[in-house]
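Here's the structure we're looking at; comments come further down.
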Amino acid sequence: MGKNTTTDVCLYEIGENSFLLDTPGFQTIDIYEIESNNLDKYFIDFRDYINDCEFAPGCSHIKEENCGIKEALKSSKIREERYQNYIKIYDDIKDKEEHRW
Ligand SMILES: [Zn+2]
């Protein structure tokens, strides 16, 4: 079991509410071009566990019960700081989306 990922996603905070996402194969992407429900795809270390989510695809991994990501977090397969980073960015994008219209 235990697949090793050789790639990683780097997120750079470039300002108060501004992040840059640098992923292999992508140019640097403005974080706000990502939809909140696609954010988990950019967290490569989440990928192995997303299928364990009861509501995948479409699980936000925050409020849901039976979430593979939260389970992985509990058993330390995902680092707490990665998850906190995810929540922070997710909230930012969500906020942006709600104010878009
Ligand atoms: Zn989930």
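Bear in mind that the values in this text are calculations on the coordinates, not laboratory data. These numbers come from a predicted model, not from an experiment. Neighbour counts are summed over all protein chains in view; Cβ atoms, including those assigned to glycine, are modelled from backbone coordinates with ideal geometry.
Stretching the chain fully between residue 87 and residue 37 yields a gain of 16.8 nm (0.36 nm per residue, less the alpha carbon separation). Dividing the convex hull volume of the alpha carbon atoms of region 35-98 by its residue count gives 74 Å³ per residue.
Cβ-to-Cβ counts within 10 Å put 74, 94 in ascending order as 74, 94, the fewest first.
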